[in-house]
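Okay, structure first, notes after.
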Amino acid sequence: MNDFKIRGRLFLITAAILILLLVPMKCFAEPNLTEAEARAYRERLVAEAKKYVGSPYVRGATGPDAFDCSGLIYFVARESIQYQLPRTAKAMYDFVTIVPNDKKEPGDLVFFRTTGDGSISHVGLYIGNSQFISAVSDGTNTGVIVSSLNEGYWKPRYAACGKFIRASGMNDAAVVASAGRGASDTASGVASRNSGASSASGNAGTPGGGFFNRLAFEGTLAGDWSLFTEKSFFINFRGLSTQGGIVYEGSRLSPGVGVMVRWNYGVGAFQIPLLLSLSFGEFIKTYAGPVFTMGACGLPASGERIKASVFPGIIGISVRTPSITKGRFKVSVIQDISYTVFNAEDGAALSPLKSAAAGLEFSTGISVRFPLSAFAGG
């Protein structure tokens, strides 16, 4: 078997292991729901939200003991139906599909403009009969409360309704009828709500937020380390790395492109991997790509000359903590595990132990993500 086949198989084996690690992880609700399944998802979502009525408001909190407005929606969707929504009200607005007011169903999101700049600044979960649940920071009632879209405060500030679960026919008429109320009450309530919110909804922007509004910049800074060398088992400092790239925040998967600049102290060279990535929700990202190396490389701890491969280059997986949100910026702690291909100086394949000692690395650091629209008036 030639050296190229050996290197290729080692790369494919590593990729298969990473894929197997990802298979059990369910970061999204089932996208192809029947109408009955969609209704069940909506009922679970509303029931979960009602559990937290009375919880306090804390800016930046995502439960279970306290929430801010988007933190409540983010937590409830994840807990009840395992659906990964964006973290902020504006990001949720850009993510969902905006629908006419007469298409609102329990389980949809309702958005409001409550600040002087007219941006989307508050989100709630619609529960039917013109009511919604949200986490409120000030006023006579604070914390997680039930409010009406027809209230004097909310009605003029209402912006739009958005769906992230398919329509199920679970409309206001069904909700009101199940509560023992007449159809005439439902019709008048819907008509009143439509007339009060139509002008705000008309300025809500392009449905779904458009392609550009789903683009985000992501940058990371990390320290690299490994667990062993060819001769011993202990934690080794392997250098520093930084990444920058563009991510398209899709409804289920988020593809991206980027570049890494890495000082690989372990092998004594600078490396620049070009990366294609795929994120599964907020917490898991895989990446791979060719690697360009500057400088001669040596096997960690022994100094034996080795040669970096351009392709196969690098493959890795990144796991991150729930983000801390500051305005439009999301900050997370990340933990990566990656494998970079190295060969013997003459191009032959290294032994499995030497290959792992040279190429298997861990990276621990900080990730920052923000939408590109933050700098384009979006």
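Quick note: the coordinates plus some simple rules give every number you see, no bench work behind them. For clarity, every value in this text was computed on a predicted model and none was experimentally measured. Counting neighbours? That spans all protein chains shown, and the Cβs are built from the backbone with ideal geometry, glycine included.
Here are a few things to note about the model shown:
- Part-to-part distance (alpha-carbon centres) for segment 242-279 and segment 98-163, which is given in Å: 38
- The local environment of V76, defined by Cβ-Cβ distances under 10 Å, has a net charge of +2 under the rule Lys, Arg +1 and Asp, Glu -1.
- Using a Förster distance of 25 Å, the FRET efficiency for I246-S302 (Cβ separation, nearest 0.05): 0.05
- Prolate/oblate/rounded call for segment 253-302, Cα gyration tensor, a/c under 1.5 rounded: prolate
- The alpha-carbon atoms of segment 277-378 define a convex hull whose volume equals 132 cubic angstrom per residue.
- Intensity falloff of segment 46-139 expressed as log10 I(q)/I(0), Debye formula with alpha-carbon point scatterers, at q = 0.12, 0.21, 0.23, 0.24 Å⁻¹: -0.33, -1.09, -1.31, -1.42
- Along each principal axis, taking the top coordinate minus the bottom one, the Cα set of segment 322-372 gives 52, 21, 10 Å in descending order.
- Take the Cα of V261, step 7 Å toward its Cβ, do the same at E43, and the gap between the two points is 5.6 nm.
- Stretchable slack from L253 to D346, in nm (0.36 nm times residue separation minus alpha-carbon distance): 29.4 nm
- Estimated at 0.36 nm per residue, the fully extended path between D65 and Q335 surpasses their Cα-Cα distance by 94.5 nm.
- For the residue pairs K50/K155; K104/K285; K51/K163; K103/K330, the alpha carbons lie more than 28 Å apart in K104/K285; K103/K330.
- Scoring 130-143, 224-237 by mean Cβ neighbours within 10 Å over their residues and listing the highest first yields 130-143, 224-237.
- Extension gain for F233 to T142 (0.36 nm times residue separation, less C-alpha to C-alpha distance): 27.3 nm.
- With each label modelled as a point 7 angstrom along the Cα→C-beta vector, the V310-I324 pair spans 4.2 nm.
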